[in-house]
Amino acid sequence: MNAELVVFVIFAVAALAGAFVLVMARNAVYSAMGLLMTMFSMAVFYILNEAPFIAAVQVLIYAGAVMTLFLFVIMFIGVDKTFDPKETIPFQRPIAIVLGVGLFVLLALAAQGVWVTGSSLFAGEALGTIENVSDELFGNWLLPFEATVLLLTIAAVGTVALARFEISEPRPVAEVVALDEDDASSAGADDASSAGADDASSAGADDASSAGADDASSAGADEGADDAPSRGEGS
Amino acid sequence: MEVTAGWYMLLAAGLFAIGAIGLLVRRNALVMFMSIELMLNSVNLTFVAAGRELGLLEGQLAVLFVMVVAAAEVTVGLAIIVAVFRYRSSADVDDLAELKG
């Protein structure tokens, strides 16, 4: 009964429990908390497997940054607890569980088939110290590392582009006409800047009786001296 | 009893299968996305365990690159989910059935 076995059993149970909570929980925040527990257990396994630097990166990036981003989006979207038991595909749930168990059996057979040699070959100091990892990463793997820089830049640009995505659904035509008529009838001459700037043809038709001009801005300049500059800018 | 790399492989297989089941069963886009993250994490565990077993550092470097790709995927994917939510006011993937014939 060595120490690694005890730590492995404890955190394997924690990781599996977190994964079950992720899949089972009705509330998305609970799912995120389950995933967080699994990720911390992963960091412990990395330390057990002589990868202290990867463990630190796991806690900083996954458990820190990525989970914060997930929780931010969950809070932003709002937790939707309504559950519709109606399945779009019939028997989707049992089929998915059967397929998942089959996948587990196949993976477990493959894992047991390969790793028959048993104990660890490596003994002594930890394999993945910061010195070793950085020597390898900035030596033999420098070009892939630079490629990840390009990938992250593209991802940042893509995220900004998606965040600026406008919902450009064209408004129905009747709604636009109703808004313009509403402006013209209620506001009249003093608040005509919005209507005149929006739609030159309707404003021109409105002022056509007094000014007789086809251009909306010149018609506005004739009406009042005080709001003439604003209408000139607006058009 | 010695903890061998096979134990880690078994655990990673279990986590991967649970993540796959979650991806197939759940309909909330965020939970499906988190299931994908769980599957990526289990694969990282196999990389690290295999690297220790073979005494190679390349397994840990592979984990680093997987983490970078996963971070890029998370940012873009969450931005897509937010954009879809702004358009449809729903994070349920079954609501996105406009291409259904």
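Nothing in this text is a laboratory measurement; each read-out follows from the coordinates by a stated rule. Predicted model, so just to flag it, every value in this text is computed and none were measured. Cβ sites come from the backbone with ideal geometry, for glycine too, and all protein chains shown count toward neighbours.
Centre-to-centre, using Cα atoms only, the range B:22-45 and the range B:49-69 are separated by 21 Å. Working note: Karplus 6.51/-1.76/1.60 with θ = phi - 60° gives the range A:137-146 the couplings 5, 8, x, 6, 10, 5, 5, x, 5, 5 Hz, where Gly and Pro are set to x.
Using θ = phi - 60° in the Karplus curve 6.51 cos²θ - 1.76 cosθ + 1.60, the 3J(HN,Hα) couplings for the range A:2-11 round to 8, 5, 5, 5, 4, 5, 4, 5, 4, 7 Hz; x is entered for Gly and Pro. Extension gain for the segment A:Asn2 to A:Leu16, taken as residue separation times 0.36 nm less the Cα-Cα distance, is 2.9 nm to one decimal. Dividing the summed -39500 (n - 2.57) terms of all DSSP H runs of n ≥ 4 by the residue count of chain B sets its mean residue ellipticity at 222 nm at -27500 deg cm²/dmol. Note on B:Leu54 and A:Thr68: the model spin-label points, each 7 Å out from Cα along the C-beta direction, lie 3.5 nm apart. For the range B:25-99, a Kirkwood radius taken over Cα pairs fed into Stokes-Einstein (20 °C, viscosity 1.002 mPa s) yields D = 151 µm²/s.
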